[in-house]
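The values are calculated or read from the model by the stated rules, or taken from the named source; none is laboratory data. As the structure is a prediction and not an experimental result, all values here were calculated from the model. Cβ: placed from backbone, ideal geometry, glycine included. Neighbour counts: every protein chain shown. What goes into the accessible areas is simple: the full protein's heavy atoms, side chains included, and nothing from ligands, DNA or RNA. Shrake-Rupley method; radii C 1.70, N 1.55, O 1.52, S 1.80 Å.
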Amino acid sequence: TEVIAPKVEDKVKDGFTYTFIGWNEEVKLELTSDVTYYAIYEVKPNDLIVNFYDHNHVLLKTETVLYGESATAPILNDIQSTDKFNFKFVGWDTLFTNVTTNLEVYPVYEEVINEYNIKFIYEDKIIEVIKKYGESVNLEKDNIIEPSKLGHTFESWDKDYSFITKDLEIKPIFNKNE
């Protein structure tokens, strides 16, 4: 019986490329007994693409990794977006260790309310309190003591502290006694 070896195609499966390189033994043209032939493949991991994006979906980095390897993320910083909020980088939305498929990876941010330093300054005294955006200073609870000045009457503080939106340096306003 004449033997005709089948045509064997290369194949891709589970992240690997299998390239046919031959049979386990030479295929004989004529058979005199039962023979089993086995296809021999060279197996190579596939290249996979991992794309890293910023918070605006702008591509930051493309990395090619082999199947099962890990990608290395770019370094990202927190985002200052408004007076009220800061956005703290907390990680990525997709794992990129042991990569088995092409990946699109986006940063994850946590919304944090900004804090501001409020300084009440008079002569050589500074009383500092920290307040979150939108909070107000409570003079009594925050231990802000009304300043005094010989021959003068304290009128008020020179800045509004009822709705904090930035760092402030606040100084007293005095009226001279008559």
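Taking the criterion of being farther than 24 Å from residue 88 by Cβ and either in contact (Cβ under 8 Å) with a residue 60 or more places away in the chain or touching a Lys or Arg at 6+ places or on another chain (Cβ under 8 Å) (or both), the residues of region 121-146 that qualify are 121, 122, 126, 127, 137. Picking from residues in region 20-57 that are loosely packed, with under 11 Cβ neighbours inside 10 Å and among the hydroxyl-bearing types (Ser, Thr, Tyr), the one that is farthest from residue 69 (Cα to Cα) is 32.
Hey, does region 82-99 have a residue that's touching a residue at least 40 places away in the same chain (Cβ under 8 Å), touching a Ser or Thr at 6+ places or on another chain (Cβ under 9 Å), within 22 Å of residue 53 (Cβ to Cβ) and of a type in the set (Phe, Trp, Tyr)? Checked against the condition, which is being touching a residue at least 40 places away in the same chain (Cβ under 8 Å), touching a Ser or Thr at 6+ places or on another chain (Cβ under 9 Å), within 22 Å of residue 53 (Cβ to Cβ) and of a type in the set (Phe, Trp, Tyr), region 82-99 yields at least one hit. Among residues of region 1-18 that are farther than 11 Å from residue 41 by Cα, those with a Cβ under 7 angstrom from a residue that is part of a loop (DSSP other than H, G, I, E, B) and open to solvent by 100 Å² or more (accessible area, probe 1.4 Å), sequence gap 6+ or separate chain, pair up as 2/29; 3/28; 3/29. Of the strands (runs of 3 or more DSSP E) entirely within region 12-59, those holding at least 2 residues that are aromatic (Phe, Trp, Tyr), over 28 Å from residue 93 (Cβ atoms) and over 32 Å from the mean Cα position of the chain (by Cα) occupy 16-23.
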